[in-house]
Amino acid sequence: MNEYNFAYLDEQTKRMIRRAILKGLAVPGYQVPFASREMPMPYGWGTGGVQVSAATLTPEDTFKVIDQGADDTTNAVSIRKFFENTAGVETTEETEKATVIQTRHRIPEAKLREDQIIVYQVPIPEPLRFLEPRETETRKMHSLEEYGLMHVKLYEDISQHGAISTAYAYPVKVLDRYVMDPSPIPKFDNPKLEMDAIQLFGAGREQRIYAVPPHTKVVSLDFEDYPFEATKADHPCDLCGAEDSYLDEVIMDDAGNRMFVCSDTDYCRSRREAGHVGRLVEENTA
Amino acid sequence: MTPLLQVKGIEKRYGARIGCADVSFDLFPGEVMGIVGESGSGKSTLLNCMAGHLEPDAGQVIFDTRADGPVDTVTMSEPVRRMLGRTDWAFVHQHARDGLRMSVSAGGNIGERLMAVGDRHYGDIRDRAIDWLGRVEIEESRVDDRPSAFSGGMQQRLQIARNLVTGPRLVFMDEPTGGLDVSVQARLLDLLRGLVREMGLSAIIVTHDLAVVRLLADRLMVMKSGHVVEAGLTDQVLDDPQHAYTQLLVSSVLQV
């Protein structure tokens with residue numbers, strides 16, 4: 001192979017994206033505009049994340065892609081193949097072995113290390129967008145640190161549902177300054193945003209890149225009398241028995257049977273290999 | 001006594017056209033000033049210049065801040081001015097839709113200003129929102145309804161509650177009763193008059209309705225073509241108009 005430049009994008013484009021990434025890292029949580037390129041996949045499939053990954057990858061990297069925690073769904077498979085073809089980098093499904101992880105909607109259960117980079121795919125980078133449709137106004141609100149409106153959304157949640165019902169894309173404040181949309185990760189993952197790895201966020205259609213450097217303070221917004229809670233389904237995993245991981249609910253039939261299973265497939269697999277068993281596995285072997 | 005607001009030589013031009021020119025007055029604490037004039041006479045331009053929505057081409061708007069005393073709001077930095085706009089100032093728009101968030105419940109609308117100044121206790125915010133709904137005569141049960149489900153008069157009252165919840169000292173009103181039918185207007189005026197007296201508010205009311213200023217305003221300014229043509233005590237100006245335009249204005253009011 002090598003009809004493609006390394007990692008598909010040309011070197012000038014990658015430099016441009018790297019400059020945006022560096023600026024994002026220097027101003028944590030600030031949305032840096034960049035000249036997003038047309039990628040050979042539709043918007044909403046992770047064009048922002050793919051461009052950030054392309055600018056971040058080196059030939060020595062090991063690459064992992066997850067979609068909703070899973071390594072084997074369409075989005076994850078196609079992006080992994082894309083970089084196998086265009087960059088020829090090593091790919092893996094194991095979180096431990098990866099140096100660059102591109103993710104959609106989840107943070108892996110395994111604790112990430114300082115030598116790893118996690119790249120998020122972001123559909124709408126502006127946390128204030130659904131409350132204030134004018135971009136000129138939201139930019140001004142960010143620059144003047146006027147974030148009262150963000151709490152109006154949480155207020156509405158409580159007044160309608162009795163609790164903060166925002167379950168994903170839960171707004172956070174980075175380093176006591178910028179309010180940031182952590183991409184649509186479940187709020188269960190919010191406490192993990194203070195991590196050892198570098199976190200990069202790419203929004204292709206909206207042409208924004210932002211970042212959270214390692215060991216940066218990230219606080220989920222809340223009220224004094226309704227504090228933030230990282231919630232998950234109150235079950236153990238039916239395959240590996242894990243009680244600390246984020247679960248997907250799977251409907252089994254039309255008789256009300258369902259199973260809960262780790263959304264992080266790599267975590268679930270490694271636990272089963274280590275001999276842990278969940279409810280369904282026990283029933284089938286019994 | 002220090003005036004709450006001193007306006008000195010405000011001028012705003014739109015290209016070669018004059019929006020308003022050479023307007024100066026003092027507003028003292030607890031005083032209500034009415035500005036009347038025909039459409040296009042520059043009253044809204046003047047109001048927007050004073051409230052910081054428009055940048056005047058010349059002149060000063062000196063506000064007596066709680067912390068630092070009299071400060072020129074035209075030259076102060078934008079964050080400080082916007083903070084003032086959320087705390088000590090209030091702005092009531094003619095159309096409630098401009099001043100409300102239509103997709104947010106009544107309680108959220110009132111609570112927004114509280115949250116914007118750092119209130120982070122849901123229970124307190126809600127209690128104060130309900131208290132203010134009561135003060136503007138909206139039932140407590142409507143606290144979680146959206147303004148789109150409210151009548152025009154209720155929307156206007158909600159807008160007033162949303163503005164007054166942070167206890168401002170100066171309220172700018174742009175035709176607060178425009179577009180409402182007369183009985184709703186009367187009720188709203190009654191409410192406004194009560195609130196202004198009770199809270200000791202200063203207010204600047206822009207309107208073309210002379211009945212509104214007769215009822216609410218202590219003093220009156222009459223504008224024509226961007227200039228103030230007559231100013232004085234409300235009753236004095238309305239009962240004994242001196243300028244030809246004021247005479248025309250007063251005599252144009254329809255009698256029932």
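The values are calculated or read from the model by the stated rules, or taken from the named source; none is laboratory data. Source: prediction; values computed, not measured. FYI the Cβ positions are ideal-geometry reconstructions off the backbone, even for glycines, and counts take in every protein chain you see. Note: areas computed on protein heavy atoms with side chains; ligands, DNA, RNA excluded. Shrake-Rupley method; radii C 1.70, N 1.55, O 1.52, S 1.80 Å.
Descriptive notes on the structure:
- Using a simple spin-label model with pseudo-atoms 7 Å out from Cα toward Cβ, B:L248 and A:A35 lie 5.8 nm apart.
- The protein assembly as shown shape via C-alpha gyration tensor axes, a/c threshold 1.5: prolate
- Unsatisfied cross-links (Cα-Cα over 26 Å) in the set A:K140/B:K12; A:K14/A:K111; A:K64/A:K153: A:K14/A:K111; A:K64/A:K153
- Annotation for the A:B interface, with buried accessible surface near 1900 Å², both sides summed [1.4 Å probe; non-protein components not counted].
- Here r is the Cβ-Cβ distance between B:T75 and A:D176 and R0 is 25 Å; the resulting FRET efficiency, rounded to 0.05, is 0.30.
- Relative contact order of the range A:34-87: 23 percent, from C-alpha pairs under 8 Å at least 6 residues apart in sequence.
- Here the simple spin-label model places points 7 Å from the Cα toward Cβ, and for B:Y14 and A:D115 these points are separated by 6.6 nm.
- Rounded to the nearest 10 square angstrom, A:V219 shows an accessible area of 60 square angstrom against a 1.4 Å probe.
- For the range B:61-120, trypsin sites (Lys or Arg not before Pro) meeting the loop criterion (DSSP other than H, G, I, E, B) and having at most 12 other Cβ atoms within 10 Å: B:R66.
- For the range A:124-223, the set of trypsin sites (Lys or Arg not before Pro) satisfying both a DSSP loop assignment and a count of at most 12 other C-beta atoms within 10 Å is given as A:R134.
- In chain A the longest region clear of chymotrypsin sites (Phe, Trp or Tyr not before Pro) that are loop-assigned by DSSP and have at most 14 other C-beta atoms within 10 Å covers A:131-286.
- Listed by chain and number, the aspartates and glutamates placed with their C-alpha closer than 17 angstrom to that of A:K173 are A:E126, A:E145, A:E146, A:D181, A:D189, A:E194, A:D222, A:E224, A:E229, B:D119; residues fewer than eight positions away on the same chain are left out.
- Each label was represented as a point 7 Å from its Cα along the Cα-to-Cβ direction; for B:A186 and A:S78 these points are 6.7 nm apart.
- Exposure rank, largest accessible area first [A:I17, B:I18; 1.4 Å]: B:I18, A:I17
- Pairwise centroid distance, computed over Cα atoms, of the range A:216-256 with the range A:1-58, Å: 32 Å
- Legend: residues in the range B:94-133 shielded by at least 40 square angstrom of accessible surface upon adding the remaining protein chains to the isolated chain (1.4 Å probe, heavy atoms) are B:R101, B:V104, B:M115, B:R120, B:H121, B:Y122.
- Of the residues B:L133, B:L233, the one with the largest accessible area comes first in the ranking B:L233, B:L133, computed with a 1.4 Å probe on protein heavy atoms.
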